[in-house]
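One structure is given below, encoded as structure tokens.
The values are calculated or read from the model by the stated rules, or taken from the named source; none is laboratory data. Given the structure is predicted, the values throughout are model-derived calculations rather than measurements. When we count neighbours, we look across all protein chains shown, and the Cβ atoms used for this are built from the backbone with ideal geometry, even at glycine.
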Amino acid sequence: MKRYRLLAAAGTVLGLAVTACGSIPQTGVSAPGTATSSAAPSASSVSAASAASSASAATPSAATPAASASMPATPSPSAAASTVWFNCLGRGQVKPADYILTCADAGSVLDHLVWTRWTAQQAVATGVHELNNAMPDRAEGKFIDYPAVVTLWRSEPVPGHPGERCFTRITVRYTGPRPPAYTSNGQLVRHPAEWTQSLGLTGA
């Protein structure tokens, strides 16, 4: 885990928030009044997405409007490639193998990510959520792995970068043992089956 601690030192200036695009507050995950092309993943949709060989995992969660029936059902490869996930250093990533959730101390990390879906609206991966079990002094703890399905959703335009979008929400659903507790959007949840969090500040 040394590489996480090195990255954490660089990301300390960004605080504890998970980083991504837009000025998204960390106080809630409910959808704003304006409609978006991505809906929050349900437990069933996230579960289906965890099977890479399942054809149903490629079905977008939001229905295609009748007026858009003539448009392609899936985004173009270029649109998917221009939708990124900002890391602690403010760099946009596509299909990263790992991701630090807590930039200040790197005590919460998504690792061994295998992506089964990456479109302009949603990205899905299987992997593990690595959590340091020592609180508050992370240096004295050890990392425990919790298998999980990771879903990124609600993509929005990146300010100042025409044509680029980034994901503003993340949902993590555990497929095996659950962590004793996890804090998401300022709320402590005991033995969570899943949690959803806003992705915070824009990348540099």
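State all residues of region 79-121 that are in contact with a helix residue (DSSP H, G or I) (Cβ under 9 Å, 6 or more places away or on another chain), over 23 Å from TYR182 (Cα atoms) and of a type in the set (Ser, Thr, Tyr); if no residue qualifies, say none. Within region 79-121, THR116, THR119 meet the criteria.
Residue check: GLY186 meets all listed conditions (1) in contact with a strand residue (DSSP E or B) (Cβ under 8 Å, 6 or more places away or on another chain); (2) touching a residue at least 40 places away in the same chain (Cβ under 8 Å) but one, namely (1). Here PRO179 passes the criteria (1) out of contact with any Ser or Thr (no Cβ under 8 Å at 6 or more places or on another chain); (2) in a strand (DSSP E or B); (3) under 20 Å from GLY127 (Cβ atoms) except the one numbered (2).
If the condition is being at pLDDT 95 or above and among the β-branched types (Val, Ile, Thr), then region 101-135 contributes VAL109, VAL114, THR116, THR119, VAL124, THR126, VAL128. Of the residues making up region 97-117, those that are surrounded by 21 or more Cβ atoms within 10 Å (Cβ to Cβ) and of a type in the set (A, V, I, L, M, F, W, C) are ILE100, LEU101, CYS103, ALA106, VAL109.
Results for (1) among the charged types (D, E, K, R); (2) surrounded by fewer than 19 Cβ atoms within 10 Å (Cβ to Cβ), shown as yes or no for each residue.
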{"residue": "LEU152", "(1), (2)": "no, no"}
{"residue": "PRO157", "(1), (2)": "no, yes"}
{"residue": "GLU164", "(1), (2)": "yes, yes"}
{"residue": "ARG190", "(1), (2)": "yes, yes"}
{"residue": "GLN197", "(1), (2)": "no, no"}
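Residue count for region 149-162 satisfying the condition of being more than 16 Å from ALA80 (Cβ to Cβ) and part of a strand (DSSP E or B): 2. Screening GLN121 on (1) surrounded by fewer than 23 Cβ atoms within 10 Å (Cβ to Cβ); (2) not in a strand (DSSP E or B) shows it passes everything except condition (1).
Scanning region 163-173 for residues that are in contact (Cβ under 8 Å) with a residue 24 or more places away in the chain, in a strand (DSSP E or B), in contact with a Gly (Cβ under 7 Å, 6 or more places away or on another chain) and closer than 21 Å to PRO41 by Cβ turns up at least one hit.
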